[in-house]
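Here's the structure, in structure tokens; my notes come after.
Read-outs throughout are calculated quantities, based only on the coordinates presented, and are distinct from any laboratory measurement. Nothing here was measured: the structure is a model prediction, and the numbers come from that model. Virtual Cβ from ideal backbone geometry, glycine too; neighbours counted across all protein chains shown.
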Amino acid sequence: MSDTNRKLITVMLVLVWISMGLFFEVGGPTMVDLRMKFNTSSADIARSVSAQGFGIFAGALAGGLVIDAMRTWKFLVVTLAETIATVAVILMPFVASLTWLWVMFFSVGTAAGLINVAGQRMLIELWRDESASPMHAMHMGFGIGALLAPIIINPFLAVLEYGSVNASSNDVTLPGGRDFIVIKESRVNLAFVTIGLCSATLALPVFLYPFVKCFRRYKNKYNNMDEPEESTVALAQNGIVKRLLVILNPATYANGNFKLGLTVFVFIIVLYINLVGGEQLFGNFVRTFSVDELRFARNEASYLDTVYWGSFTIGRLTGSVLAHFISMRKLFLIDLFMNLLAVTFADIFAARGKNFLWAFTAIVGFFIAPLFPAGIAYINTHIEVGGMVLTLVVFATGFGQLLYVWIEGLLYEAYGPRTILYAMQFSAIFLCLISVIFVAISWTRKRFAINEDQTPVVTSGEDIRMTSDLRYSDMNTSS
């Protein structure tokens, strides 16, 4: 595939990630309006929104089992996922019960899981050993979408003033006894429809691409984006059971080296549970922390989310640029230490005043952002990141989000707002510790690849900026 086509498809994937940021982050800003619409409690609405986490598991599992077998038709998975997400988001405010609302959020999570597995696999197949910069750029798209979502939604939300109920027809009592006056009526239906249409518009190229592909294939002008490789060719074995065993076997992705594959699998699970857990913990609780600990006004606190996701996006853009000039192992270690430093200073100073919290919200968002794509790019220097590997990443991502947010909810209630900073500190220290141990034990490991002229080439995590014609094959330990 030409370099122009690779760049074009990468841009399409960035737009898909922006779309995913829009539809995946729609629940938080609309929670109060949904609570009013369904005349229920915050806990019930939060339970419905949490269905996205379970949907991610379902989408990742479905995607991991089929994605490598689909070869050049992976775009159909993304197209299907975008269709599911668009329909679910548009229908959310029109469903008749909380059960159906739970189903809609579950569908959105399933779509996100499918997109994560299919999109990342396509990008790695397109760029091979040069995938670090495009991976950062693609994941930057999610930050852009998450930043835009509350900006798009806010004009449609109700404006409330908490106080005593009087005889006005605009006075409402929330379930649980809190009274407020509706200054401006909610138009949350239009908010969801707008997000759905914006998401579909951004994803329009992936709806059209399958038709272009069919046309080019018919004209014999189409080149596969993902040529078969030694590890994935094994998936062509006959028999569902044999094929499933090959997919689940860690050795499949490490050219037969079971010990290496299993070690990397364990590292992936531990890394992404703690990385995404800390990332989502801060993003979900920083607004609550600002109100309860530092007495931020409601409007002022809302802008903290914008600051966090804005700096998050800038952090991934910066990572994309640096990945072009710095080897992946060095960049991964730099990201880890800078994140640890940022979280440590936030733990010490963020609770001392409003200005400190504003500053460290931006700093933490900036330094935590590059870790997710950097981790995948670094893992790609050790094993082939196939569909099952990406499924493992997405599973760990969903579990980390559920685990950290659930535990912090208990700690917050029992010990107060500052437990957010302590939990972030634990996450950063543990991430740095386990990553440094993994880098140390794999420091001398080399990967043997075959260039297009059949000349053996030795590579390692220290230098992955090599020709995209390299095939992922042997990795052996050298003394």
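Go ahead and run the numbers for FRET between LYS259 and LEU8, Cβ-Cβ distance against an R0 of 51 Å, rounding to 0.05.
Rounded to the nearest 0.05, the efficiency is 0.80.
Say a paramagnetic label sat at a point 7 Å from the Cα of LEU248, along Cα to Cβ; which residues of the stretch 33-64 have their backbone N under 20 Å from it?
Counting only backbone N, you get 57-64.
On a full-extension model of 0.36 nm per residue, what is the gain between LEU80 and PHE211, subtracting their alpha-carbon distance, rounded to one decimal in nm?
Length gained, LEU80 through PHE211: 45.8 nm.
Please give the FRET efficiency for VAL66 paired with LEU433, using the beta carbon to beta carbon distance and R0 = 35 Å, rounded to the nearest 0.05.
With a Förster radius of 35 Å, E is 0.45.
Order of CYS432, CYS198 from fewest to most other C-beta atoms within 10 Å?
Least crowded to most crowded, the residues run CYS432, CYS198.
Arranged from highest to lowest average of other beta-carbon atoms within 10 Å per residue, in what order do the peptides 6-14, 50-58 appear?
50-58, 6-14
With a 10 Å radius around each residue's Cβ, average the other Cβ atoms per peptide and rank 117-123, 73-79, highest first.
117-123, 73-79
For the ranges 183-196, 132-145, what's the packing order if you count other beta-carbon atoms within 10 Å of each residue, average per peptide, and put the highest first?
Per-residue mean Cβ counts within 10 Å order the peptides as 132-145, 183-196.
Quickly work out the PHE426-to-TRP100 label distance, labels modelled 7 Å from Cα along the C-beta direction, and quote it in nm with one decimal.
Once both label points are built, they end up 4.1 nm from each other.
Pop a pseudo-label 7 angstrom from the Cα along the beta-carbon direction at both THR344 and PHE325 and give the gap in nm to one decimal.
It is 2.6 nm.
State whether the stretch 355-411 is rounded, prolate or oblate according to the following rule on the C-alpha gyration tensor (a ≥ b ≥ c being the square roots of its eigenvalues): a/c under 1.5 gives rounded; otherwise a/b larger than b/c gives prolate, and the remaining case gives oblate.
Oblate is the answer for the stretch 355-411, as a/c is 1.5 or above yet b/c matches or exceeds a/b.
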